[in-house]
Structures are given as C-alpha cells and as structure tokens.
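As structure tokens, the structure follows; a few thoughts come after it.
The values are calculated or read from the model by the stated rules, or taken from the named source; none is laboratory data. On a predicted model such as this, the values are computed, not experimentally measured, just so you know. Positions of Cβ are backbone-derived with ideal geometry, glycine not excepted, and every protein chain shown enters the neighbour counts.
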Amino acid sequence: MADFAADLAIWGPGGSAHGMVSLKAGQKYCRDLATTHYENFPVVSWLLPRNLHQHFYNVYAYCRWSDDLADEIDETARSLELLDWWLGELRNCYAGSATHPVFVALAETIQEFDIPAEPFENLLSAFRQDQNVHEYATFDDLRDYCRRSADPVGRLVLYLCRSYNEQNVAWSDSVCTGLQLANFWQDVARDLDIDRVYLPIEDCDRFGYSRDDLRNRVTNPAFLKLMAFEVDRARDFLTAGFPLVPALPGRLQMDIELFIRGGLKILDHVERIDYRVWETRPKVRKHEFIGLLAGCVWRAFGRRVARLGR
C-alpha cells in the first residue's frame, strides 16, 4: 500500500510528475512494476517469447494499477473517482495523448497488436462494481462479473499471441472464469473479511445454507455440499478450456496450460481438505508449482516431437 500511495502521489491526478514521459521510461516503469509485484513473473517471462516480455509487462501494469485503485483506497467514493480518472487516462491513450508512464508504454502495445479498448474498459467496469456490489443473487450474475473481471485478461493475452479468434476466445473465457471461480472458493474466508461474498444466494438456498450460517462461517453438511458443487463447476470451466493449449503458438502453450493446471490444483486442495475453507485456506506449494511446470514443459516437448514426426 505504501508503494502504491507514493506512486499515486507522483502519477495520480494532480500528482507531482508533469510533462511527457519517454517510451523508454514508461517501459521501464511497467517492467519494474511487473517484476517486483508478481512473484511468478520470472517463470512466466521464461515461458514467453522474449519479444513479448515488455508487452506483457505493459498490460500487467495497467491491470495492477486498476486493481490497486479499486482495492487499496480506503474510501469508496474516492476509489470510484480515481477509477473514473483512470478510464479518462485510457481514453487519452487511445486518442494519442498519453502522459502516465503505464499508458505511454501501453500505447505501443495497443498499436502493435491492434487491441480495442473494450477489454481494458470491461476490467474497469468490474472494478467499479466491486465498490458497490458485495454479493450475487444468481450464478448468472456472478458469471457476468467474471466476463468483465477475468475474461478480458485472457482476451488481451490472445491479442498479444496474435491468436484472437472466436473459438479461442470461447476457450479462453472458460479458462479465465474457471480460474476466478477457483480463487473465489480458495478465498471464501478472506473475501468475507472484506465484506465480499461470491457464493451465489440461489446456490446457498439450493443446499439449505442460510446467510446467517455464512456470516457466522458455519461448516455444516449443507456448506460442504455447496462447496463440492461450486468446485465441480469451476473444474468444468477449466477443463473445457484445455483445447486452447495446442491452439496457441510455441512456448505460449506451456504458459496457458500452467494456469489451467494451477487452477485445477487449487480445486484439488479444496477437495482434499473436505471443502472446509472456513478453517483452512488451500494453496499450491512451491514444489507442486515446480511439478506442474515440469509437466507442462514435458507435454509441450511431446507435442513438438509429434508435429515433427508427421
């Protein structure tokens, strides 16, 4: 929070930094932000073609700032005000008048890969929703939120991979929604701590899990059945996206497969603790991540050998 507050004071509305930022300075800012805030970026970078590193840093920096404006600001009104400012900066970027270092760097990525504004704007729409919506009546409502909070990230990746088409988008959306659902079920307790509930009311009612039970973090047979249902649904979304892996070029296949299998591993851990996520937060251990990575590399090698043998 302290680092972001300092950045906001410098680069936010009325900040102390003025004038045009060079492309080189903007790129360095995004690269530093990505490599110091996301612990898996060194692995992700290794998997990506070198010519895509900076573009992924630029997109990540945009997402990081958007997320921090939503979650690191104490007052809802102030957060909404800043998200509106950030949307204005995005539109300035598309108009060719970017001044914030993130948008100076991102402008080159947008032009290089012909990325429309929609996925960037959808992310901001979801972050705005987070300020006022704290629970979801139906799964359709939650799925609509995922379409704007998770799916745009996958679509941006497809643009960067030059693999954006209708079928790939469908697979990517399934993966991204599955990943977000897996994170929701991993973090049921943490989300309640910040007054956010992603378990749809209709699902709680279906299994007889009351809102009082939820607020009191009660683990009972109804809750265990509810969580088993949600885990199975998230797993279906993730596995439905597997055909995207061989549809992507080169080493990008490993990157996407690693995300899918990481999400599935989270769900496996939720199941392994008998869905008792109020008491224990399941997470993927470092040695498990290394094992997943090794498996992805081995399968990618097998696919390459198979292609060469045809």
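Note on segment 261-303: among residues that are among the β-branched types (V, I, T) and modelled with pLDDT of 75 or more, the one that is farthest from V218 (Cα to Cα) is V284.
Every residue, every condition in (1) assigned to a helix (DSSP H, G or I); (2) at positive phi; (3) of a type in the set (G, A, S), yes or no:
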{"position": "G96", "(1), (2), (3)": "no, yes, yes"}
{"position": "I110", "(1), (2), (3)": "yes, no, no"}
{"position": "I115", "(1), (2), (3)": "no, no, no"}
{"position": "L123", "(1), (2), (3)": "yes, no, no"}
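Within segment 1-29, the residues that satisfy the criterion of being modelled with pLDDT under 70 and either surrounded by 13 or more Cβ atoms within 10 Å (Cβ to Cβ) or assigned to a helix (DSSP H, G or I) (or both) are A2, A17. Residues that are at pLDDT 85 or above and either in the same structural domain as L158 (by TED's automatic domain parsing) or touching an Asp or Glu at 6+ places or on another chain (Cβ under 9 Å) (or both) were ranked within segment 30-60; the one that is farthest from T109 (Cα to Cα) is L33.
For segment 192-233, a residue qualifies if it is aliphatic (A, V, I, L, M), surrounded by 16 or more Cβ atoms within 10 Å (Cβ to Cβ) and under 22 Å from the mean Cα position of the chain (by Cα), and the qualifying residues are L192, V197, L199, M227, V231. E230 - would you say it is in the same structural domain as R143 (by TED's automatic domain parsing), under 24 Å from S174 (Cβ atoms), touching a helix residue (DSSP H, G or I) at 6+ places or on another chain (Cβ under 8 Å) and at pLDDT below 95? So E230 does not fit the description; no. When the helices (runs of 4 or more DSSP H) confined to segment 147-220 are screened for residues that are within 30 Å of L52 (Cα to Cα) and without any contact (Cβ under 8 Å) to a residue 40 or more places away in the chain, those reaching at least 2 such residues are found at 151-160, 166-186. Going through (1) touching a Pro at 6+ places or on another chain (Cβ under 6 Å); (2) within 26 Å of V197 (Cα to Cα); (3) in the same structural domain as V245 (by TED's automatic domain parsing) one by one, N122 falls short only on (3). Could you please find all residues in segment 234-250 being outside any helix (DSSP H, G or I) and loosely packed, with under 15 Cβ neighbours inside 10 Å? Result: P243, P249, G250.
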